[in-house]
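Presented below is the structure to which this report refers.
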């Protein structure tokens with residue numbers, strides 16, 4: 001078998017580096033040969049150079065054995081004859097004022113000389129500049145490698161593009177069935193593009209995945225590529241933005257160019273709001289030229305490819321309200337898919353996916369965990385499973401128990417327990433009454449959430465105790481009585497302190513703030529009062545899925561005064577009603593407080609049991625709210 005020739009070129013050195021090394025060697029050589037002890041330019045033919053000390057040098061002068069002397073800055077040189085041969089003597093100079101007088105006395109000619117020459121002077125000046133140039137080239141070349149392109153990352157952005165063929169499938173996702181159904185036809189189009197082209201159908205060029213953080217938008221995009229078995233090119237929106245105008249647009253071109261070469265393929269841009277914000281939002285003065293050029297290039301690229309290059313652009317954001325209208329028009333991102341937080345069944349399916357690699361005890365009830373985690377996203381549920389496994393491992397358990405899972409839920413919602421935080425017995429009693437008030441009102445008010453746990457163990461940054469009463473299902477609409485019920489529950493802690501301790505504390509500050517906000521929203525947003533009728537007084541701005549960034553006020557001072565009076569009257573009215581209910585169940589509160597001071601934690605079932613025992617003992621008609629089981 002013939003040996004395969006190696007056609008690789010030999011490793012070539014950087015010419016700039018070679019030049020600088022040569023310059024350094026030249027400087028050292030010239031300095032050594034021209035000014036060293038017996039320099040090269042002083043040697044002629046077979047003449048001899050001798051290095052002597054200064055004492056010997058003066059003795060030669062005194063003995064008339066030299067004919068001429070040259071005096072330098074650090075050296076002295078003399079020319080003499082020894083055995084008929086010319087000899088150059090070199091000695092290190094010392095501070096000697098008598099040398100010139102001695103030379104005059106012996107009538108020996110003398111002169112000065114420079115220990116440097118033109119070459120060493122020039123190289124001495126040029127060498128620092130050459131070193132600076134070398135460092136500049138070295139640093140910029142490193143930045144080029146790390147940032148993908150030329151100086152400061154200009155040029156190619158291939159290293160910023162994450163190219164892969166994901167192995168994620170729809171079966172690996174749970175809790176987003178509607179979102180998966182929306183993107184199934186995109187998978188079919190990528191697999192069989194000719195089927196759609198033959199009948200003139202046009203698949204959407206861009207699909208915008210919208211939803212709160214942690215709901216699985218990126219995972220859904222990878223699942224689409226995995227199901228279609230096509231290349232997946234992803235970049236974050238922030239990766240397009242740099243300090244130089246035009247760099248982001250260049251990276252957009254690179255991304256689409258690579259995707260077209262591998263078509264059919266998928267482009268995924270995460271957090272697209274980083275480059276896709278409305279160009280009119282900041283006004284003329286506060287515009288961002290780099291972001292706008294990047295957005296313009298993205299719009300142009302999405303217009304520039306069609307059915308001949310089956311490339312689908314997927315993008316994700318949790319702020320669709322800030323995107324530029326040109327980005328959302330038909331022909332670009334002409335379809336929006338809501339990837340929302342999972343419902344009860346979705347949470348169960350997500351929990352089942354994440355427990356595959358975890359050893360579970362027989363007492364684990366995922367239905368109960370799903371009830372406790374209403375409103376949490378898929379990422380939150382994954383973190384709960386992992387946290388429960390960590391708790392079990394820390395306790396040297398072989399399996400994850402239901403207790404571990406419930407503790408993980410509480411950690412995610414309320415924070416870590418602070419058992420080491422020392423509070424006085426008096427403060428502990430105040431917290432016990434406060435949390436008991438929340439728990440009783442929550443269980444006895446129609447429209448309020450069921451209590452899962454009451455604790456007087458400090459958690460998180462500031463909470464000295466807490467009542468865990470998460471809703472058992474996601475809520476998208478609230479009726480008026482449900483909002484009033486939430487206000488009553490919030491006022492229950494302050495009312496319990498007032499009724500049983502005859503003095504109030506600062507522990508209800510956040511409760512009062514939230515209660516005030518609810519009643520204000522009922523007046524200004526929801527039209528649930530007679531203050532303004534059906535007129536909306538404030539318009540939320542940039543609000544999405546429960547979030548908001550301020551509001552615009554559009555009402556008179558007279559309306560504002562009526563609103564303030566209504567909020568105050570409603571709070572006082574609900575506070576009086578809550579105090580009366582707590583007074584009616586005084587013994588039940590006292591019993592609950594006693595158990596909390598003894599055990600520090602009681603579960604929701606024990607709270608309901610205490611209330612039932614009180615009602616039976618006093619032959620009262622039960623006021624416990626009946627709740628439907630999921």
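Note on the stretch 593-630: residues that are touching a residue at least 60 places away in the same chain (Cβ under 8 Å) and over 44 Å from the mean Cα position of the chain (by Cα) amount to 3. If the condition is being part of a helix (DSSP H, G or I) and surrounded by fewer than 22 Cβ atoms within 10 Å (Cβ to Cβ), then the stretch 190-225 contributes 191, 193, 194, 195, 196, 197, 218, 219. Do we have residue 179 as under 20 Å from residue 351 (Cβ atoms) and in a helix (DSSP H, G or I) here? Answer is yes for this residue. Within the stretch 604-623, being in contact with a helix residue (DSSP H, G or I) (Cβ under 9 Å, 6 or more places away or on another chain) and within 22 Å of residue 407 (Cβ to Cβ) holds for 604, 606, 607, 608. From the list 448, 463, 508, exactly one residue is closer than 26 Å to residue 563 by Cβ, within 34 Å of the chain's Cα centre (by Cα) and in contact (Cβ under 8 Å) with a residue 40 or more places away in the chain. Which is it? None of the others qualify; the one that does is 508. Among the candidates 408, 463, which residue alone is surrounded by 15 or more Cβ atoms within 10 Å (Cβ to Cβ) and either within 30 Å of residue 218 (Cβ to Cβ) or in contact with a strand residue (DSSP E or B) (Cβ under 7 Å, 6 or more places away or on another chain) (or both)? Going through 408, 463 in turn, the sole match is 408. Hey, among the residues in the stretch 478-502 that are within 16 Å of residue 448 (Cβ to Cβ) and outside any helix (DSSP H, G or I), which one's farthest from the chain's Cα centre (by Cα)? Taking the candidates together, the pick is 479. Give the residue that is surrounded by the most Cβ atoms within 10 Å (Cβ to Cβ), with candidates limited to residues of the stretch 482-509 that are out of contact with any helix residue (DSSP H, G or I) (no Cβ under 9 Å at 6 or more places or on another chain) and over 26 Å from residue 555 (Cβ atoms). Among those residues, the one meeting the criterion is 509. Taken across the stretch 231-243, residues that are surrounded by fewer than 23 Cβ atoms within 10 Å (Cβ to Cβ), over 22 Å from residue 323 (Cβ atoms), touching a helix residue (DSSP H, G or I) at 6+ places or on another chain (Cβ under 8 Å) and at pLDDT below 85 do occur, with at least one present. Considering the conditions (1) surrounded by 12 or more Cβ atoms within 10 Å (Cβ to Cβ); (2) in the same structural domain as residue 485 (by TED's automatic domain parsing), residue 569 is excluded by exactly one of them, (1). For the stretch 300-309, the condition of being within 27 Å of residue 167 (Cβ to Cβ) and modelled with pLDDT under 85 holds for at least one residue.
Looking at the structure I just gave you, is residue 289 modelled with pLDDT under 85 and more than 22 Å from residue 222 (Cα to Cα)? So residue 289 fits the description; yes. Given the condition under 30 Å from residue 253 (Cβ atoms) and either touching a helix residue (DSSP H, G or I) at 6+ places or on another chain (Cβ under 7 Å) or at pLDDT 75 or above (or both), answer yes or no: does some residue in the stretch 115-124 qualify? Taking every residue of the stretch 115-124 in turn, none turns out to be under 30 Å from residue 253 (Cβ atoms) and either touching a helix residue (DSSP H, G or I) at 6+ places or on another chain (Cβ under 7 Å) or at pLDDT 75 or above (or both).
Yes/no matrix, rows are residues, columns are (1) in the same structural domain as residue 403 (by TED's automatic domain parsing); (2) touching a strand residue (DSSP E or B) at 6+ places or on another chain (Cβ under 8 Å); (3) closer than 28 Å to residue 413 by Cα; (4) surrounded by 15 or more Cβ atoms within 10 Å (Cβ to Cβ):
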residue: 291; (1), (2), (3), (4): no, yes, no, yes
residue: 296; (1), (2), (3), (4): no, no, no, yes
residue: 311; (1), (2), (3), (4): no, yes, no, yes
residue: 316; (1), (2), (3), (4): no, yes, yes, yes
residue: 328; (1), (2), (3), (4): no, yes, no, yes
residue: 331; (1), (2), (3), (4): no, no, no, no
residue: 365; (1), (2), (3), (4): yes, no, yes, no
residue: 375; (1), (2), (3), (4): yes, no, yes, yes
residue: 382; (1), (2), (3), (4): yes, no, yes, yes
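Among residues of the stretch 532-545 that are in the same structural domain as residue 520 (by TED's automatic domain parsing) and modelled with pLDDT of 50 or more, those with a Cβ under 8 angstrom from a residue that is surrounded by 13 or more Cβ atoms within 10 Å (Cβ to Cβ) and part of a strand (DSSP E or B), sequence gap 6+ or separate chain, pair up as 538/551; 539/551; 540/551; 541/551. Residues in the stretch 149-176 that are modelled with pLDDT under 75 and part of a loop (DSSP other than H, G, I, E, B): 149, 150, 154, 155, 156, 157, 161.
The values are calculated or read from the model by the stated rules, or taken from the named source; none is laboratory data. None of the values given here were measured: they were computed from a predicted structure. Reconstructed Cβ throughout: ideal geometry from the backbone, glycine too, with neighbour counts over all protein chains shown.
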